[in-house]
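The values are calculated or read from the model by the stated rules, or taken from the named source; none is laboratory data. Bear in mind that the values here come from a model prediction, so they are computed numbers and not experimental data. Positions of Cβ are generated from backbone atoms using ideal geometry, with glycine treated the same way; all protein chains shown enter the neighbour counts.
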2 protein chains.
Amino acid sequence: MKIYETQTAPNPRRVRIFLAEKGVKDVEYVQVDIKAGDNLKPEVLAKNPLGKVPYLELDDGTVITETTAICRYFEELYPENPLMGSTPQEKAQVEMWQRLCDIYFMLQVGMCFQHTTGYFKDRMTPVPEWGVEAGKNAVKFLSVVENQLADNTYVAGENFSIADIILLCAVDFARVIKIRMGDEHPNLQRWYELVNTRESVKA
Amino acid sequence: MKIYETQTAPNPRRVRIFLAEKGVKDVEYVQVDIKAGDNLKPEVLAKNPLGKVPYLELDDGTVITETTAICRYFEELYPENPLMGSTPQEKAQVEMWQRLCDIYFMLQVGMCFQHTTGYFKDRMTPVPEWGVEAGKNAVKFLSVVENQLADNTYVAGENFSIADIILLCAVDFARVIKIRMGDEHPNLQRWYELVNTRESVKA
């Protein structure tokens, strides 16, 4: 089984941390140079039509793209030490926070980065005005998660989950567009220190 | 248990179809006027900080937002007739296609709608140029799913799943911004006719 990824990009880091938490070691990592566009070569697009990283290739050739789908595969394969909840209600709450952190923070940070820096301008049309708005959306979401962390140890409740992994990777990546936690986010800062004590974050 | 929703909006329809497929009937639906901003009233934001619909309120007061998280709750509660896959590989493939249809189509359609029409301009800053780009992204994705449906009966394989529900609701909603399947999408049209034979689509 192989994971094609880019060491410095935020989404591959999510999968590496997830697998480190799960103790999964039988995966080979293959580096892809996305800046050079190696992810958009015909042979990659034939199996991964959007060319996004990371993607997982199983031994039978099946390709799974999308970070949370790759994580779901390993969660189902190795259900011990759950990172996506245990009961129906927990699973729903983890999925809710995972999506909120992904769509209202990580995605906004990513669009702000792409549209304001023009990093991928060879393959998309940056709209800087939209990039600025997306950045504002990301900043607004920090208040939402700040409130959530006032009453909860971790993003989705009392257990560390995939939602924490997503938020951690996104908060770290957000530095490139100068979005940072501030004095108005004491709970977020408490949480950030806590999750950074885990060995897996170095993965 | 109550679902707060807006009958005419695309995301609530996803949940209604999902529950119709599952045969879940013990849910009360409460209408929310999002155009009037009733979803942004302080009492709603206190339990649903982003004010999005639909949201599920359990009898103990727990609130689950995000369409797929609500669906996940019912999938876990009633695992018979799975709509999110059965094996680890199927679950990952369904999650992958569910996310692809959601992020690269539904979300793009939604942003195109909001940014080009100014429908929510009282609560966001529309960037029309970005709306146009988002619409182009949505059109591009139709080719991706057209290819997928050349080899598969349903979006995520041989079984009807949540990915079909998302795509159906998004394709129908996309008409408002004049994005439609065309002659270049014969497989998509075959799929569209097939899923529309299901009783659940009227939910």
Selection over region B:139-182 where residues are touching a strand residue (DSSP E or B) at 6+ places or on another chain (Cβ under 6 Å) and within 13 Å of chain A (Cβ to nearest Cβ) yields a count of 0
_Take residue B:44 and tell me if it is surrounded by 14 or more Cβ atoms within 10 Å (Cβ to Cβ) and more than 10 Å from every other protein chain (Cβ to nearest Cβ)._
yes
Restricting region B:160-186 to residues that are in a loop (DSSP other than H, G, I, E, B) and of a type in the set (A, V, I, L, M), the one nearest to residue B:145 (Cα to Cα) turns out to be B:181
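Give the residue, chosen from B:57, B:90, B:133, that is within 30 Å of residue B:187 (Cα to Cα), of a type in the set (Asp, Glu), surrounded by 16 or more Cβ atoms within 10 Å (Cβ to Cβ) and without any contact (Cβ under 8 Å) to a residue 60 or more places away in the chain. Even if it seems obvious, please write down each step before you answer.
Numbers: B:57 fails: within 30 Å of residue B:187 (Cα to Cα); B:90 fails: without any contact (Cβ under 8 Å) to a residue 60 or more places away in the chain.
Checking each option against the conditions leaves just B:133.
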Margin query: Yes or no: region B:78-100 includes at least one residue that is in a helix (DSSP H, G or I), more than 15 Å from residue A:71 (Cα to Cα) and aromatic (Phe, Trp, Tyr).
Written below: no
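Results for (1) at pLDDT 95 or above; (2) within 14 Å of another protein chain (Cβ to nearest Cβ); (3) buried (at least 18 other Cβ atoms within 10 Å of the Cβ), shown as yes or no for each residue.
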position: B:2; (1), (2), (3): yes, no, no
position: B:16; (1), (2), (3): yes, no, yes
position: B:49; (1), (2), (3): no, yes, yes
position: B:73; (1), (2), (3): yes, yes, yes
Might you let me know whether region B:114-122 holds any residue that is facing another protein chain (nearest Cβ under 9 Å), outside any loop (DSSP other than H, G, I, E, B) and buried (at least 23 other Cβ atoms within 10 Å of the Cβ)? yes
Within region B:96-112, is even one residue out of contact with any helix residue (DSSP H, G or I) (no Cβ under 7 Å at 6 or more places or on another chain) and more than 30 Å from residue A:54 (Cβ to Cβ)? no
